[in-house]
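The values are calculated or read from the model by the stated rules, or taken from the named source; none is laboratory data. Please read all numbers here as calculations on a predicted model, not as lab measurements. Reconstructed Cβ throughout: ideal geometry from the backbone, glycine too, with neighbour counts over all protein chains shown. What goes into the accessible areas is simple: the full protein's heavy atoms, side chains included, and nothing from ligands, DNA or RNA. Shrake-Rupley method; radii C 1.70, N 1.55, O 1.52, S 1.80 Å.
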Amino acid sequence: MSASIPRPEYPKPQFRRSSWQNLNGSWAFEIDNGRSGLARGLAKEDASLSGSITVPFCPQSKLSGLAHTDFIYGVWYQKTVQLSAPQLSGIVRLHIGAADYYTTVYVNGQKAGSHKGGYTSFFFDIQSLAKEGDNVITINVEDDERDPMIPCGKQSREYYSHDCDYTRTTGIWQTVWLEFIPITHIESFRLIPQPDQSLVTITAQLAGPDTLTVSACWQDKEVGSVSVNARGGALTLTLPLSEKHLWELGKGGLYDLKLTYGDDTVYSYFGLRSVELGTKAFRLNGKVVFQRTVLDQGFYPDGIYTAPSDQELKNDILRSMAMGFNGARLHQKVFEERFLYHADQLGYLVWGEFPSWGLDHTQPQAVYSILPQWLEEIGRDFNHPSIIGWCPFNETWDQHDQRQYDPLLSTVYYATKAADPTRPCIDTSGNFHVATDIFDLHDYEQDVETFRSKFPPQGGFTDNHKDRQTYGGQPVFMSEYGGIGYSLNGGAWSYGSACKSQDEYIARFKGLTEALMDDPDMIGLCYTQLTDVEQEQNGVYTYDRVPKVDPAVFHQILSRPAAIERAGRNSQ
């Protein structure tokens, strides 16, 4: 792939085929705030758009070439792509990594399909609309962050960014690409590793009859292979492994996987690991692990939702680990698959989350705005060993003097458990719990002694919302705390009073963090946050990724054993 194409790397590292074409780069472009583009003929094959944009960066970003930060309600993209007769001999699949929010694709003036949701990947098979030679691909995306039925995460619903809401994203913000697939092919597969038995169970969705062969390698040595005849549809098989290598915290450890079905070959990988909860413990491969996580918003100064390079995705994980964190809450955003790939490689724990803010969770009909896309996210990311839990909602505060609609939260929780019984699910992070595997809390108290009194070393905890939620004996997780304001550039927004010196900053971080690590009822913590984002300057790094303290200082604070690790609650 040409180095001149932005974000040239393969977008789906766990489902790789060799025959593909990256469509990132320059596209014709036009903002359509009146949403009149269809009536004006912009979907037609011979339409001419008024401007240009660099895909996959949103028009609000500098890297797009536009930096248009006002509200945008509609956008159009157009690109001419050449296709050969061999490429058209099978299935031609147009993939869009993510586009916010409602996307319609046209090929040579004909509609190929539509997708609702701003955060998950989707595709359309376009071979029936394509032709040999030049093909005009047109993409229309509509969005409205102010619509209460459109979840938008941390995108500001006011003109300016403010508090903990930031610059908006409209339209395409992940890679657009073509894939060329045989008629008989592997549609998808789901992996369930079973480390105790040294095997992995694979359920594949297949198109057409043929023989499915699956082989696993560890460091280029084959350690398992199995072949099964199939007629298409769903097929489940078991792949025994002759060598057992666990996926480990801070180390990773991945088996290579190859699946062949007729003329179709897919390359993948997996980690051999298990996740389970005890009464007062989180265990990875049967070993008690204290989650030392950080809140990661996934925003970038020049790309907004989109990292400027694949290396920057990896660098954010390395920055976090340098500070002593062993994982992250991927907060109010569905991160791209390349980030999860790096987390898989590095042995970095992550919580998959949905950008539920902006959605009116007091209304029953909100289920239609979250559940389809949430299940798409679980399906897309199920095979990643780094993901150790799911969280569909965050802080479901009252809206318009109405409380959350509890059946909405419980419905999404139970749907999550049905879609993935292998991982824990937090229904709504912080408040107000309805049905949850983990009782997580948010507490931004800045006074260390007051904080310690809430989470004492003899055990127990203080729930700031006990009038609205009832503790049912689940494991307890402090999934947001800290948010300590410390700016290298002067005054900015943060939680509570900002620190005036680096020494004060370190002392407060140390006191708050050690209080949680010393509480024997706490299974983990999540510090707010990894980086500053625009006006919110409470990251351990600035928005430009400059550390505010020597990372070794925070690493030392976080590295000492937590109470549950000292207790070794393997029998819980």
Positive-pole candidate from ALA85, HIS115, ALA130, dipole of segment 74-166, charges at beta carbon: ALA85
Share, in percent, of DSSP beta bridges within the chain that are antiparallel, nearest 5: 75 percent
Order of exposure, largest accessible area first, which applies to LYS314, LYS44, LYS116, LYS548 with probe 1.4 Å: LYS44, LYS116, LYS314, LYS548
Accessible surface of GLU276 - all protein chains present, 1.4 Å probe, nearest 10 Å²: 80 Å²
Cβ-based net charge around ASP196, under 14 Å, with every Lys or Arg adding one and every Asp or Glu removing one: +3
Gain on full stretching of the segment that runs from THR462 to ILE5 - 0.36 nm per residue minus C-alpha separation: 159.4 nm
Per residue Cα convex hull volume in Å³ - calculated over segment 1-72: 139 Å³
Portion, in percent, of the accessible area of the chain that falls on carbon or sulfur, probe 1.4 Å: 48 percent
Shape category assigned to segment 79-141 from the gyration tensor of Cα positions, a/c cut at 1.5: prolate
ARG508 accessible area, assembled protein chains, probe 1.4 Å, Å²: 20 Å²
Residue-normalised accessible area of segment 258-402, given per residue in Å² at a 1.4 Å probe: 26 Å²
Inter-site label distance for ASP70 and TYR267 at 7 Å from Cα along Cβ, in nm: 4.7 nm
Segment 417-517, relative contact order in percent, only Cα pairs under 8 angstrom and at least six apart counted: 29 percent
Whole-number percent relative contact order across the chain, with pairs defined as alpha carbons under 8 Å at least 6 apart: 12 percent
For segment 394-540, alpha-carbon Rg over 2.2 N^0.38 Å: 1.14
Segment 164-310 shape via C-alpha gyration tensor axes, a/c threshold 1.5: oblate
FRET efficiency for SER198 and THR260, using Cβ-Cβ distance with R0 set to 25 Å, rounded to 0.05: 0.65
Dipole magnitude of segment 226-294 about its Cα centre (Cβ charges: Lys, Arg +1; Asp, Glu -1), debye to nearest 20: 460 debye
Projected area averaged over orientations for segment 112-222, convex hull of C-alpha atoms, nm²: 13.4 nm²
Between segment 435-456 and segment 20-58, the alpha-carbon center distance in angstrom: 48 Å
Radius of gyration and maximum dimension Dmax of segment 256-342, Cα, Å: 16.6, 50
Solvent exposure ordering (accessible area, 1.4 Å, most first) of MET321, MET522: MET321, MET522
For segment 273-317, Kirkwood radius (reciprocal of mean inverse C-alpha pair distance, Å): 13.1 Å
Total formal charge among the other residues, if their Cβ is under 10 angstrom from that of LEU284, Lys/Arg +1 and Asp/Glu -1: +1
Only Lys, Arg (+1) and Asp, Glu (-1) charged, at Cβ; segment 311-411 dipole about Cα centre in debye: 300 debye
Cα centroid separation, segment 224-272 to segment 505-572 (Å): 36 Å
Estimated dipole of the chain in Debye, rounded to 20 [Cβ of Lys and Arg +1, of Asp and Glu -1, Cα centre]: 1040 debye
Read-out Kirkwood radius over Cα pairs in Å, derived from the coordinates shown; its label in [x] 28.9; [y] 25.6; [z] 24.8: [z]
Charge tally in the Cβ shell below 11 Å around SER453, where Lys, Arg are +1 and Asp, Glu are -1, SER453 excluded: -1
R0 of 25 Å, Cβ-Cβ distance CYS217-ALA322: FRET efficiency to nearest 0.05: 0.20
Rounded if a/c under 1.5, otherwise prolate or oblate - segment 478-551, Cα gyration tensor axes: prolate
Inter-centroid distance (Cα atoms) of segment 191-205 relative to segment 310-377, Å: 24 Å
Dipole of the chain [Lys/Arg +1, Asp/Glu -1 at C-beta], most positive-end residue of SER64, HIS433, VAL266: VAL266
Estimated 222 nm signal from helices in the chain, with DSSP H stretches of n ≥ 4 weighted -39500 (n - 2.57), rounded to 500: -4500 deg cm²/dmol
Full-stretch length increase - ALA418, TYR160 - with 0.36 nm per residue and alpha-carbon distance subtracted: 88.9 nm
ASP144 accessible area, assembled protein chains, probe 1.4 Å, Å²: 40 Å²
Relative contact order, percent, segment 388-450 [alpha-carbon distance under 8 Å, six or more residues apart]: 36 percent
